[in-house]
Amino acid sequence: MKRPTDRGLIKSLRRFSSQAIQRFSIIVAVSGIFCGQAGAQISPPDKNSARSISGQFIVSRPDQPSLLNVPPRIAAGTNLVRLEPALLAVSAERIKELLWHKLEIKGQWRGQIYLVLHRAQSPDEGVTILSQPSTGGWNYRVELPDVLSQTRFARALTGVLLLEFANRNAQSRSTEIPAWLADGLSQQLLATGSPEFLLSSPDKIVNGLPVTRLEKTRHGMDSLAGARQVLKNHPALTFEELSWPSGAQLDGDDDGVYRASAQLFVSEVLKLKNGPARLRAMLESLPQFYNGQVAFQSAFREDFPSPLDLEKWWALQVVNFAARDPGPGWTLAVSRIKLDEILRVPVAVRTTSNSLPTRSEISLQAVIRNLEPARQTAILQTKLRDLDLAQLRVARPYAVLTAEYRRAIGSYLGQRPAGAPAPSWATRIYRSLRKPSAASTIKKLDELDARRRNIDTAAQPEKSVQPVINH
């Protein structure tokens, strides 16, 4: 399998400009770039450094703190973490303990992790992770600004810890950690244990004493509350979409949909029988694959014999998740926009064989008319899931229409109505013969589109006409 060169968490340093490397969404793996630095830091830490209790983490700090670290500048930034070596060493150990508990990892660490702080230039500065082969394994260097957001901090530490575990079986090249796994686990850690590991230097002075504001999540609360809030107004991403995220999604510029979808996916995977063990098996097998999707399918083969089985299972989890808390209904305007989004399919289009792909959108009719059956089924299954979710939320004028779209697609895929008894073999044969053709389904979707346009027109507020007064 050809190794992708423009996706994933870990990429070669030489492929990126300095600007690309600064993006937090990229963890960089290189060879021979900090051998001297790593060797120098193996010695006992000096006064500007700290070593964690297990000895795995060695933290060094800049000679001067960032201007952002001055309390008056960041007093209002409650989402920012102000890093200092001693507290960072403790935080790193606590994150490792929480992460290992979730994945049920036992045993000792093998790779040394050097956490190198530098003066932050802005609140949204990126994090870079470098991996270096050493005698008997790999070592890691994490370059962090001394002030950064909680999300970036948790994701950076989660990412390098997953990398350290996965690389224990790596030989000539560092492995690639799927973005959905790093994001999903870090979001879970933030939702369940952030006060215990987000140790920040004091952010203000009260009566001459340094004071740090601490927000604690109460036990027993819904750890997916944040994801639920995001996914109320956005359909969850498919596993295919989670596996190939865009830069905007990794940076959180998609209203948090990618992170929320990843958190929900990881949460549901961990609930499977032997879920933690199979995630560990996936991590251990990553060095054997150039594609995280293949590693996941290999580790979870008993649960999902085929990619379609995985998508069906994931669609059901998303529907059940939404059904547990359907939330408030959408307005007419939002219902119109959301239904329009569901009924369009994003595609990558190449004008020539050598040109870069551009994003475009096609209708469900075009999917049925032009795509091969397997691809059709995967897309239409996803649309059925999204229509099921929308059915709980759309305004009344769109409710019946949404149900009819769902019925038309379900009939084309050969699905029986919800709650109907399982058909006999004779009934299944009869229904397969009576299954709507592609042409009749396209015609039905065209009719529904026409009805939707009529509803859209009727729902639009009438423009007031101002009388013209002649003087």
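Quick notes
- The modelled label-to-label distance for the pair Ala323/Ala281, using points 7 Å beyond Cα in the direction of Cβ, is 2.9 nm.
- Remark on Leu115: its backbone amide H falls under 5 Å from those of Ile58, Val59, Ser60, Val142, a criterion applied only to residues 5 or more positions apart or on other chains, H modelled at 1.01 Å from N.
- Residues whose placed amide H lies under 5 Å from that of Leu148, excluding near-sequence neighbours: Val81, Leu83
- Using Cβ point charges alone (K and R +1, D and E -1), the dipole size of the range 224-364 about the Cα centre works out to roughly 240 debye.
- A Förster distance of 60 Å, applied to the separation of the beta-carbon atoms of Ser360 and Glu93, puts the FRET efficiency at 0.80.
- Residues whose amide H falls under 5 Å from that of Asn139, counting only those 5 or more places apart or on a different chain, are Gln132, Ser134, with hydrogens built in the peptide plane.
- The label-point distance for Leu413 and Ser298, in a model that sets each label 7 Å from Cα toward Cβ, rounds to 3.0 nm.
- Computed 3J(HN,Hα) for the range 378-395, one whole-Hz value per residue from the Karplus formula 6.51 cos²θ - 1.76 cosθ + 1.60 where θ = phi - 60°, is 4, 5, 5, 4, 5, 5, 4, 4, 5, 5, 4, 5, 5, 4, 7, 10, 5, 5, glycine and proline marked x.
- Relative contact order of the range 218-310, taken over Cα pairs closer than 8 Å and 6 or more residues apart, is 21 percent.
FYI, it's all coordinate maths here, none of it is from the lab. Since this is a predicted model, take the numbers as computed values, not measurements. Every residue, glycine as well, gets a Cβ built from its backbone with ideal geometry; the counts of neighbours run over all protein chains shown.
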